[in-house]
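The values are calculated or read from the model by the stated rules, or taken from the named source; none is laboratory data. None of these values were measured; they are calculated from a predicted model. Cβ: placed from backbone, ideal geometry, glycine included. Neighbour counts: every protein chain shown. Please note that ligands, DNA and RNA were not included when accessible areas were found on the heavy atoms of the full protein model with its side chains. Shrake-Rupley method; radii C 1.70, N 1.55, O 1.52, S 1.80 Å.
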Amino acid sequence: FRAKVDAAALRVLTLKAAHGLLAPRLVADGILGPLTVSALQGWLGLPRTGRLDTTTVVRLQSRIGTVPDGVWGPASMAALQSYLGTYRDGARTWNARTVALLQRYLNTQL
């Protein structure tokens with residue numbers, strides 16, 4: 001019975017992978033690179049360009065409940081840290097700790 005279940009699960013996962021239904025997991029390395037930005041854009045419902053552009057920043061700011069002005073600064077970082085449920089460290093822009101937390105969060109949303 002176990003072999004049948006394992007074989008069936010493998011068939012399902014193989015088909016999902018073939019149709020692009022399995023998203024790759026992000027490495028929580030704290031680097032805001034194209035893979036992380038692309039995953040972020042997917043979570044925000046935007047086209048995946050891998051570039052942190054104004055549209056992405058505005059959509060993220062709207063999602064986390066801060067002023068959607070397209071400029072990422074201390075208020076945006078504080079709002080993101082609150083959204084992720086971590087302490088505010090006074091960062092003025094992206095930092096490795098918050099990016100790693102964002103990567104872990106995005107992995108739960110993919």
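Quick notes on this one:
- FRET efficiency, residue 29 to residue 67 (Cβ-Cβ, R0 22 Å, nearest 0.05): 0.15
- Over the stretch 1-43, equivalent-ellipsoid semi-axes from the Cα gyration tensor in Å: 31, 12, 6
- Relative to the longest principal axis of the Cα atoms of the chain, helix 96-109 runs at roughly 40 degrees.
- Angle of helix 2-18 to the longest C-alpha principal axis of the chain, folded into 0 to 90 degrees and rounded to 10: 50°.
- The stretch 1-99: chymotrypsin sites (Phe, Trp or Tyr not before Pro) in DSSP loop, at most 13 other beta carbons within 10 Å: 1, 87
- Using a probe radius of 1.4 angstrom, the carbon and sulfur fraction of the accessible surface of the chain is 60%.
- Between the labelled values [x] 17.0, 57; [y] 13.5, 45; [z] 13.7, 48, the entry that holds Rg and Dmax of the Cα atoms in Å as derived from this structure is [x].
- When +1 charges are put on Lys and Arg Cβ atoms and -1 charges on Asp and Glu Cβ atoms, the dipole computed for the chain relative to its Cα centre reaches about 380 debye.
- Sequence-ordered 3J(HN,Hα) estimates for the stretch 63-76 from the Karplus curve with 6.51, -1.76 and 1.60 and θ = phi - 60° stand at 5, 8, x, 10, 5, x, 9, x, 10, 8, x, x, 5, 5 Hz, glycine and proline given as x.
- Simple spin-label estimate for residue 14 and residue 49 gives 3.9 nm between the two label positions (7 Å along the Cα-to-Cβ direction from each Cα).
- Sorting the segments 100-108, 2-10, 32-40 by their residues' average number of neighbouring beta-carbon atoms within 10 angstrom, most packed first, yields 32-40, 100-108, 2-10.
- Positive dipole terminus of the chain, leading residue within 101, 13, 77 (C-beta point charges): 13
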